[in-house]
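K.L.:
Sharing a structure, written as structure tokens. Questions coming.
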Amino acid sequence: MTSGTWGGTNGADRDDLLKGGGLIVIGAGLVCAINVVTTLMDTPDAARWEPLVWEVSSLIGLAAAIWIPWLAAAKAHPDELLAARWATRLHFVAVHIVGLLAYSVVHVGVFVALREATYAAMGADYDFSGFLSEFRKDLLSYLLHLSVFWTVTMVRQNRNEEVRPVSFDIRDGARIIRVPLADILAVTAAGNYVEFLLADGRRPLMRATMAAVEARLAPVGFVRSHRSWLVNPDHMTGLEPAGSGDWTVSLGAVEAPVSRRYPQALERLRA
């Protein structure tokens with residue numbers, strides 16, 4: 001989650017979790033309220049507190065597990081199913097199988113624990129129906145959550161594209177150098193500075209962190225290929241293995257490392 005990929009821990013992704021997760025929890029809360037009323041009407045002999053415990057505990061379990069489909073949605077986008085490489089397709093399937101199992105285990109584990117504790121406090125016994133029946137319900141919920149998170153992300157990305165900048169201001173001391181984005185080959189860390197490698201050979205410095213520059217350049221297509229490198233895929237002229245799972249990307253006369261710790265960067269560059 002800290003590898004610098006678009007599904008990591010940057011602010012935009014956290015906003016997707018808050019917005020998408022908020023919509024899901026609100027929608028689930030409305031469904032739970034309807035279920036409580038319906039159950040009380042259909043089974044008047046049941047203890048009036050039981051339907052409330054069932055639905056509230058399930059809603060709390062959902063809220064506790066909502067980060068799992070969010071993270072899986074960020075790590076494996078539907079575009080991977082259309083990729084030419086089977087390894088990419090298998091990655092999509094594997095991520096969501098693990099995500100579904102983890103989501104169901106957390107959801108069920110939380111609501112069962114809450115129900116057992118509440119029933120014990122009321123002097124009653126809770127009879128769990130079994131994981132398999134709940135898993136089938138969680139499968140539909142997981143798919144719904146994925147669709148919500150993918151939609152929220154797509155809306156954000158489309159909004160960002162509508163206001164896509166065409167230049168970047170490099171603050172070199174008191175000077176500001178306005179550079180077209182298309183002229184930036186790569187950005188690399190240089191101590192307390194970052195160095196911009198430009199197509200015309202210039203290498204201006206700016207006092208900033210890689211994380212701050214990445215936050216501005218990643219939305220316009222730049223790729224974090226290494227903890228110390230951001231590269232512009234539009235200038236890629238070659239990609240070669242460098243041993244031990246690492247690669248080297250050629251950007252005209254500039255060569256930049258592609259670390260094995262950034263697998264999604266390698267996928268982006270290969271594509």
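The values are calculated or read from the model by the stated rules, or taken from the named source; none is laboratory data. Computed from a prediction, not measured in an experiment: that's the story for all the values here. Every residue, glycine among them, receives a Cβ derived from its backbone with ideal geometry; neighbour counts consider all protein chains shown. What goes into the accessible areas is simple: the full protein's heavy atoms, side chains included, and nothing from ligands, DNA or RNA. Shrake-Rupley method; radii C 1.70, N 1.55, O 1.52, S 1.80 Å.
K.L.:
Within the range 216-229, how many residues are touching a Gly at 6+ places or on another chain (Cβ under 6 Å) and either open to solvent by 50 Å² or more (accessible area, probe 1.4 Å) or outside any strand (DSSP E or B) (or both)?
P.N.:
Total satisfying the criteria: 0.
K.L.:
Taking the criterion of being in contact (Cβ under 8 Å) with a residue 24 or more places away in the chain, closer than 19 Å to Glu116 by Cβ and hydrophobic (A, V, I, L, M, F, W, C), would at least one residue in the range 72-88 satisfy it?
P.N.:
No - not one qualifying residue is present in the range 72-88.
K.L.:
In the range 117-138, what residues are in contact (Cβ under 8 Å) with a residue 12 or more places away in the chain, open to solvent by less than 70 Å² (accessible area, probe 1.4 Å) and assigned to a helix (DSSP H, G or I)?
P.N.:
Result: Thr118, Tyr119, Glu134, Phe135, Asp138.
K.L.:
Just give me the residues in the range 39-62 being open to solvent by 50 Å² or more (accessible area, probe 1.4 Å) and small (Gly, Ala, Ser), in sequence order.
P.N.:
none
K.L.:
Something else: Restricting attention to the range 196-210, report how many residues are part of a strand (DSSP E or B) and surrounded by fewer than 17 Cβ atoms within 10 Å (Cβ to Cβ).
P.N.:
2
K.L.:
Please work out which residue is modelled with the lowest pLDDT, limiting yourself to the range 139-166 and to residues that are of a type in the set (S, T, N, Q) and open to solvent by 40 Å² or more (accessible area, probe 1.4 Å).
P.N.:
That would be Asn160.
K.L.:
Name the single residue that is most open to solvent (accessible area, probe 1.4 Å) among those in the range 67-116 being over 14 Å from the mean Cα position of the chain (by Cα) and of a type in the set (Gly, Ala, Ser).
P.N.:
Ala84
K.L.:
Considering Val213, Val179, which residue is free of Cβ contacts under 8 Å to residues at least 60 places away in the same chain, open to solvent by less than 20 Å² (accessible area, probe 1.4 Å) and assigned to a strand (DSSP E or B)?
P.N.:
Val179
K.L.:
Taking the conditions exactly as written (farther than 24 Å from Arg175 by Cα and of a type in the set (Asp, Glu)), does Glu255 satisfy them or not?
P.N.:
yes
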